[in-house]
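J.: My questions all concern the structure below.
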Amino acid sequence: MGFTFMRNVAICKVFRELGLIENMGTGIEAVFSSYEQRGLKLPEINEDKNYVKCILPRTPMSKMNELFLHPGVSSEDNDILNLLNKKSHISISDVVNELGLARSTAGRRLAILVEKGFICKRGVGKATKYFGVQQKKLL
């Protein structure tokens, strides 16, 4: 009937404060929009008297990297953004160790991503950490 209600108020509050949800009832719309933007087969929703079943089609891992390319970013910088998607924050050392870049190159690329607004920087010197823009609200 189109009604939205919270089953677990505490979890909803945490997700809202983390910026992972903005309004109740928009999650399904966001899922469909995300699938559509990436050109994927859309999810199916099956309803019966006693249940609602949502089938989310999966994508082979070989295609995942190309689906999550960030527009306006070089493929090298995209690797840094994908690394950041796996962790809550990264450092220059993480980029050097995970991607095999020289320290100066890693620092230069991180600075460019900060300047373009894709990531944000917190701290100075060895204590510097880089966060995704969605985590910027928590800083």
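J.: Just give me the residues in the range 95-123 being over 22 Å from the mean Cα position of the chain (by Cα) and open to solvent by 60 Å² or more (accessible area, probe 1.4 Å), in sequence order.
T.: Listed by number, the residues that qualify are 100, 103, 104, 108.
J.: Filtering the range 76-94 down to residues that are in contact with a Ser or Thr (Cβ under 9 Å, 6 or more places away or on another chain) and modelled with pLDDT of 85 or more, which residue is least open to solvent (accessible area, probe 1.4 Å)? Give the derivation first.
T.: As a first pass, look at the range 76-94 and keep what is in contact with a Ser or Thr (Cβ under 9 Å, 6 or more places away or on another chain): 76, 91-92.
Those left that are additionally modelled with pLDDT of 85 or more: 91-92.
Values: 91: 15, 92: 41 Å².
If we take residues in the range 76-94 being in contact with a Ser or Thr (Cβ under 9 Å, 6 or more places away or on another chain) and modelled with pLDDT of 85 or more, then 91 is least open to solvent (accessible area, probe 1.4 Å).
The values are calculated or read from the model by the stated rules, or taken from the named source; none is laboratory data. A quick note: this is a predicted structure, and the numbers were derived from the prediction, not measured. Heads up, the Cβs are rebuilt from the backbone with ideal geometry, glycines too, and the neighbour counts pull from every protein chain shown. Only protein heavy atoms, including side chains, enter the accessible area calculation; ligands, DNA and RNA are left aside. Shrake-Rupley method; radii C 1.70, N 1.55, O 1.52, S 1.80 Å.
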